[in-house]
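Single-structure report; data block below.
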Amino acid sequence: MSMSMKKQANPVPAYAFGKRRGASVLMDRLFTGLVWGVGIVVILFIIGLLFLLLEKGLPQLSWDFLYGLPSEIEEGGGIGPALFNSFYVLFISLLISIPIGLAAGIYLAEFAPNNKLIEIVRICVEGLSSVPSIIFGLFGIALFVEFFEIGLTILGAAVSLAFLNLPVLTRVTEESIRAVPVELRNASFALGSTHLQTIRRVLLPVAMNGIMTGICLTAGRAFGESAVIILTAGVSTSGEMWDFNLFSPGGTLAVHLWYVQSEAIVPDAQEIAQKTTAVLIFFALLINIVFRVPLWLNTRKNQA
Amino acid sequence: MIDMNPPSDSKAPSELGQSFAKVSGAKFDRKMRLRWSNKLFRIVCIGSALFVCLVLLCILVLMLRTGILTFSNVSLAEFFFSTNWDPENEHYGALTFILGTLALTSLTMLISIPISVVVAVFLAEMTPPWLRNLLRPVLDLLVGIPSVVYGFLGLTLLIPWLRTISGHDLADGLLAASIVLTIMVLPTISRISDDAISAVPNKYRDAAYALGANRFQTVIRVVLPAAKNGIMYAVILGMARAIGETMAVVMVIGNTAQLPNSLFTPTAVLTSNIVMQISSVEFDSTWNYGLYMMGFILLAISLLMIVAVRMLQKKGGRNS
């Protein structure tokens, strides 16, 4: 009471307060407007750009293009082998990295004691996940081209790519398993199951959501990765469709886009590049969406 | 033949539990099998974890060992302080690329940090729930767009546009590259910052509003400082991505080994120079060693950033 009495007795603060209030309301309005404006404009801008790329490329797509062999000189080359290589390299790299990544993640979450050594392992995993992709390419060259002398091959690209995927898979697995409620684990042990049974029958199924998200993230990243592939698998393909040979050159779709845009001499390079971009965006989005739909459905179900 | 009815099955019910304890050892029965598979599984897991460490160690050793060979022909001072990169004539000065990488990263961060933080505030504080649930997955999807697509976008849409605006014949250069990188890292930084801002407890906001603050004051004075560590984490991750990005940069930077005198001068950075030259050089040449040394510099920068992230996390852990 005495405070307000004093305030009323002094007219200056009341005036100042009123003025400041006006200014701060104005600032608030400006801020709100700015944030809404920037947020909407930026997101629409990026989506618009991608939409533009899709719009240029998608209508021109045909089966001949998706399935056809690339050509160096004449018009009308396709992207068949490159598209096939993309999925082939992705598949092999996941085949290598998923078991190792999962096992390493399980170790860090379940078995690892809390000591300095494990701390170092954790730093290694994080450090590896921050290594720029081109370094994996250089590593791949030194390992496969120089040491094993097998040249630029699909195998080299897939293994280098697997190294790139490893740390992400490890971290995601560790985090998802750690997030499993401790009651579930205790209940499983109380039923007399061993550690392995608990991990296989309880922890992994519950953590599967998170692990799947991680796999889909890495798959998407590996699908669009180009620096590693250029260095370890070259820019060309073997020129045949369905070439399962691990030792043939393995230019993927992302590499093909770069090659066509910057080095190729075919007259319709621009058009091929546009169509390739559209295909690339389409599959990258598809990989992400297909893996995520079950997740979204799950969270919807849990919320409801 | 496999014996489908082992003798232990024909024992009296009272003996069934006993057999488990008695018949272990020489025979490979269920208990042993369980114990053995548990041990084996543990060893496989340990092996995998060690394998991940081994990969990093191999990369580090190999990059350093190959890179260090540069200095048998080139002095340290020339490599780090000369801008003359002309391998055909035995000049190996990498300063241009190091400065180029630093300049490109700082310019990218200068553009992308303010925009990303505003987008994050927009997502976390302002949007109605339905719009938020729509935009967050969209941003997540944008993170998954291949980098070479962003490079193509810069090459075909951005550079012609920059050409008409700036009036230069060639618009390739730092500005084009940093705009492309900004578009690339923006979804990453804003989504992680968005998570950090959303993680600020609601009681902070309630307290701020109860003190009479409006939304602007609450966000600037209370929410953003509370989410500071998370935003720093997002920024460092975005920065690591920008430094290591290769293909998107190669397509728009011009790939000329010269110090840029303006934002529109073609130049080169560490990653672009490595990828453009590595396939055309002999492995056992000083040129190649120089490229590996540049790779090692990149590696060192990115590992330093991870140390920074860890220190941030430790600090954040102590505060909360």
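Worth a mention:
- There is at least one residue in segment A:43-51 that is free of Cβ contacts under 8 Å to residues at least 60 places away in the same chain, more than 9 Å from chain B (Cβ to nearest Cβ) and open to solvent by 40 Å² or more (accessible area, probe 1.4 Å).
- Checking each residue in segment A:112-125 for being at the interface with another protein chain (Cβ under 7 Å from one of its Cβ atoms) and either acidic (Asp, Glu) or touching a residue at least 40 places away in the same chain (Cβ under 8 Å) (or both) picks out only A:Val125.
- Among the residues of segment A:188-206, the one identified as more than 14 Å from every other protein chain (Cβ to nearest Cβ) and touching a residue at least 24 places away in the same chain (Cβ under 8 Å) is A:Val206.
- Filter result for B:Val281 (within 11 Å of chain A (Cβ to nearest Cβ), touching a helix residue (DSSP H, G or I) at 6+ places or on another chain (Cβ under 8 Å) and open to solvent by 20 Å² or more (accessible area, probe 1.4 Å)): yes
- Taking the listed residues B:Asp29, B:Asp86, B:Asp9, the one that is open to solvent by 60 Å² or more (accessible area, probe 1.4 Å) and modelled with pLDDT under 90 is B:Asp9, with no other qualifying.
- Residue under evaluation B:Arg191, criteria (1) without any contact (Cβ under 8 Å) to a residue 12 or more places away in the chain; (2) within 17 Å of the chain's Cα centre (by Cα); (3) farther than 22 Å from A:Gln274 by Cα, criterion not met: (1)
- Yes/no for A:Phe163 being more than 10 Å from chain B (Cβ to nearest Cβ) and open to solvent by 10 Å² or more (accessible area, probe 1.4 Å): no
- In segment A:103-139, the residue that is surrounded by the most Cβ atoms within 10 Å (Cβ to Cβ) out of those that are at pLDDT 85 or above and outside any helix (DSSP H, G or I) is A:Val131.
- Residue satisfying condition, being touching a Pro at 6+ places or on another chain (Cβ under 8 Å), within 30 Å of B:Ala300 (Cα to Cα) and facing chain B (nearest Cβ under 10 Å), within set A:Leu102, A:Leu128, A:Leu138, A:Leu143: A:Leu128
- Matching option when the condition is small (Gly, Ala, Ser) and open to solvent by 40 Å² or more (accessible area, probe 1.4 Å), among A:Gly220, A:Gly192, A:Gly251: A:Gly192
- Boolean, A:Arg185 is surrounded by 16 or more Cβ atoms within 10 Å (Cβ to Cβ) and away from chain B (no Cβ under 12 Å): yes
- Every listed requirement among (1) assigned to a loop (DSSP other than H, G, I, E, B); (2) within 12 Å of chain B (Cβ to nearest Cβ) is met by A:Leu246 save one, (2).
- Which listed residue, of A:Leu95, A:Leu90, A:Leu83, is in a helix (DSSP H, G or I) and modelled with pLDDT under 90: A:Leu83
- Among residues of segment B:140-155 that are facing chain A (nearest Cβ under 7 Å) and within 20 Å of A:Leu286 (Cα to Cα), those with a beta-carbon under 6 Å from a residue that is assigned to a helix (DSSP H, G or I) and small (Gly, Ala, Ser) at least six positions away or on a different chain give the pairs B:Gly144/A:Gly220; B:Gly144/A:Ala284; B:Ile145/A:Ala284; B:Pro146/A:Gly224; B:Pro146/A:Ala254; B:Pro146/A:Ala284; B:Ser147/B:Ala248; B:Val148/A:Ala254.
- Residues of segment B:235-274 that turn out to be outside any loop (DSSP other than H, G, I, E, B) and modelled with pLDDT of 85 or more, as a count: 23
- For the condition at pLDDT 90 or above and not in a helix (DSSP H, G or I), B:Val200 qualifies.
- Within segment B:198-221, being surrounded by 18 or more Cβ atoms within 10 Å (Cβ to Cβ) and more than 14 Å from every other protein chain (Cβ to nearest Cβ) holds for B:Val200, B:Arg205.
- Residues satisfying the stated conditions in segment B:119-154, i.e. open to solvent by 10 Å² or more (accessible area, probe 1.4 Å) and among the aromatic types (Phe, Trp, Tyr): B:Trp130
- When restricted to residues that are surrounded by fewer than 22 Cβ atoms within 10 Å (Cβ to Cβ), at the interface with chain A (Cβ under 8 Å from one of its Cβ atoms) and within 13 Å of A:His195 (Cα to Cα), segment B:39-56 contains 2.
The values are calculated or read from the model by the stated rules, or taken from the named source; none is laboratory data. Here the structure is a predicted model, which is why all the values come from computation and not from measurement. Glycine gets a Cβ as well: all are built from the backbone with ideal geometry, and neighbour counts include every protein chain shown. Keep in mind that these areas ignore ligands, DNA and RNA; they rest on the heavy atoms of the full protein, side chains included. Shrake-Rupley method; radii C 1.70, N 1.55, O 1.52, S 1.80 Å.
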